[in-house]
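In what follows, a structure is listed as structure tokens, so that the remarks can point back to it.
The values are calculated or read from the model by the stated rules, or taken from the named source; none is laboratory data. Because the structure is a prediction, the values reported are computed rather than measured. Counting neighbours? That spans all protein chains shown, and the Cβs are built from the backbone with ideal geometry, glycine included.
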Amino acid sequence: MTALPQQPPGRLLAGAEQIEIHTESLVRGRVRFALFDFDGTVSLIRTGWQDVMIPMMVDILAATPKAEDRETLDGVVRDYVDTLTGKQTIYQMLRLADEVRRRGGTPRDPLDYKHQYLDLLWDKVRHRVAGLKDGRIAPDELLVPGCVALLENLRARGITCYLASGTDEPYVIDEARALRVDECFDGGIYGALDDYRKFSKQMIIDRIFAEHGLGGPELVAFGDGYVEIENTVAVGGIAIGAATDEVTRCGVNAWKRNRLILAGAHMIVPDFREQTRLLSWLCAEE
């Protein structure tokens with residue numbers, strides 16, 4: 001992954017062990033709507049997707065007339081995959097097409113590349129989805145710790161929850177159902193479309209604000225990608241970065257944390273185990 005400058009620690013929230021506050025001027029007690037990213041924030045079904053996408057792209061670039069050695073190509077691909085993480089998958093494929101062209105090749109339609117990647121990824125994760133559906137895998141094994149309790153407690157406070165993902169919408173809906181969290185998102189579940197111009201996380205945020213006449217701190221967003229963080233900060237909402245270690249399901253992923261802080265996250269959490277304290281503070285219930 002691209003090296004990022006180490007970000008200084010934030011102030012720990014009183015009564016919490018791992019919740020960092022990076023902006024002291026947050027307006028609390030006004031949250032009415034919550035937006036969640038899916039992969040890496042709620043779901044761990046697709047953990048390891050980079051290990052599918054990056055080799056696929058390196059193979060494609062290695063076949064171009066002016067290709068560098070594989071080690072160089074791996075570095076090039078990792079850089080732009082990391083930069084575009086959080087956006088719809090098609091944006092990484094658009095960049096792949098550009099890189100093929102730069103090396104004297106004739107790229108395929110980026111949508112073809114996306115479908116190739118999705119087929120390869122499905123081979124990696126299909127057993128996880130099947131296990132969830134037939135009961136061999138408990139949902140808790142593939143959920144970010146504490147996220148169900150967080151969703152339930154948000155809704156108990158009358159806060160409407162939305163899900164917006166850069167993963168294709170049919171997969172998101174199916175996997176949210178397999179994890180038994182689909183009904184938690186009473187605002188709706190949204191994902192990427194083949195016509196990528198018809199969906200973005202920014203569009204969902206704009207829709208929430210327009211339909212409900214929101215002021216900034218009435219929206220809180222939870223995500224592990226820079227897109228939802230930047231979009232939320234831009235409208236004056238509260239952005240909470242989920243720096244989850246997806247492999248161990250415990251502790252902070254330092255690369256995610258640095259990236260989320262640079263994107264403007266107001267708070268950083270490793271997961272949602274301390275959601276009771278987090279919500280009490282956000283909703284000014286002390």
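Quick look at the numbers
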read-out	value
Any hit, region 21-35, residues being loosely packed, with under 13 Cβ neighbours inside 10 Å and modelled with pLDDT of 95 or more	yes
Criterion: within 19 Å of Gly40 (Cα to Cα) and either without any contact (Cβ under 8 Å) to a residue 24 or more places away in the chain or of a type outside the set (Val, Ile, Thr) (or both) - qualifying residue of Ile189, Ile173	Ile173
Enumeration of residues in region 102-119 that are in contact with a Pro (Cβ under 9 Å, 6 or more places away or on another chain) and of a type in the set (D, E, K, R)	Arg103
Any hit, region 59-77, residues being on the phi > 0 side of the Ramachandran plot, out of contact with any Pro (no Cβ under 9 Å at 6 or more places or on another chain) and not assigned by TED's automatic domain parsing to the domain that holds Ala265	no
Conditions (1) in the same structural domain as Ile19 (by TED's automatic domain parsing); (2) without any contact (Cβ under 8 Å) to a residue 12 or more places away in the chain; number of the one not met by His127	(1)
Count of region 13-48 residues which are of a type in the set (Ser, Thr, Tyr) and within 11 Å of His266 (Cβ to Cβ)	2
In region 233-256, residue nearest to Leu279 (Cα to Cα) [restricted to those that are in a helix (DSSP H, G or I) and modelled with pLDDT of 95 or more]	Val233
Filter result (out of contact with any Asp or Glu (no Cβ under 7 Å at 6 or more places or on another chain) and closer than 30 Å to Arg207 by Cβ) within region 244-259	Glu246, Arg257, Arg259
Any pair with Cβ under 8 angstrom, 6 or more apart, that starts in region 29-57 at a residue that is of a type in the set (Asp, Glu) and ends at one that is buried (at least 24 other Cβ atoms within 10 Å of the Cβ) and part of a helix (DSSP H, G or I)	Asp37/Lys201; Asp37/Glu228
Sole residue being out of contact with any Ser or Thr (no Cβ under 9 Å at 6 or more places or on another chain), of a type in the set (Ser, Thr, Tyr), surrounded by 13 or more Cβ atoms within 10 Å (Cβ to Cβ) and over 18 Å from Val52 (Cβ atoms), chosen from Tyr80, Tyr91, Tyr162	Tyr162
Residue ID - surrounded by the most Cβ atoms within 10 Å (Cβ to Cβ), chosen from residues in region 101-124 that are out of contact with any Ser or Thr (no Cβ under 9 Å at 6 or more places or on another chain) and touching a residue at least 60 places away in the same chain (Cβ under 8 Å)	Leu121
Pick from region 257-279, criterion assigned to a loop (DSSP other than H, G, I, E, B) and of a type in the set (Gly, Ala, Ser), ranking: surrounded by the most Cβ atoms within 10 Å (Cβ to Cβ)	Ala265
Residue in region 219-226 that is hydrophobic (A, V, I, L, M, F, W, C), surrounded by fewer than 24 Cβ atoms within 10 Å (Cβ to Cβ) and either more than 16 Å from the chain's Cα centre (by Cα) or at pLDDT 95 or above (or both) present	no
